[in-house]
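What follows is a single structure, written as structure tokens, with notes after it.
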Amino acid sequence: MTTLDAYADEELEQEMARVLAHARGEVLNDAEVQKFRQLHEEILRRRAASGNAA
């Protein structure tokens, strides 16, 4: 996965949706869980930086 800074906000959310859709069908492996965590942390970081707590 490329650096998350390269993703636009919408792209982060789309990538998160892909990971979650994949997770519905099977158990995630360690790399997929790590990707989910990185995406989630980046989304939270951006929300905090913009003042959006939701």
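The values are calculated or read from the model by the stated rules, or taken from the named source; none is laboratory data. Predicted, not measured: the structure shown is a model, and the values here were computed from it. Cβ atoms come from the backbone with ideal geometry, glycine included; neighbour counts cover every protein chain shown. Side chains are part of the model used for accessible areas, which takes the heavy atoms of the whole protein and leaves out ligands, DNA and RNA. Shrake-Rupley method; radii C 1.70, N 1.55, O 1.52, S 1.80 Å.
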Convex hull volume per residue for the chain, taking Cα atoms only, in Å³
78 Å³
What accessible area per residue, rounded to a whole number of Å², is obtained for the chain using a probe radius of 1.4 Å?
76 Å²
At 7 Å along the Cα-to-beta-carbon direction for both ARG45 and GLU11, put a label point, then send me their distance in nm to one decimal.
1.5 nm
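For the chain, with all protein chains present and a 1.4 Å probe, just round the carbon and sulfur fraction of the accessible area to a whole percent. Don't skip to the answer; put the middle values down first.
Numbers: 2080 of 4090 Å².
The value for the chain is 51 percent carbon and sulfur by accessible area.
Please state the charge dipole magnitude for the chain, taken about the Cα centre, from unit charges on C-beta atoms (+1 on K and R, -1 on D and E), reported in debye and rounded to the nearest 20.
Approximately 180 debye in magnitude.
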Using helices alone, what [θ] at 222 nm do you get for the chain, with -39,500 (n - 2.57) per DSSP H run of 4 or more residues, divided over all residues and rounded to the nearest 500?
-24000 deg cm²/dmol
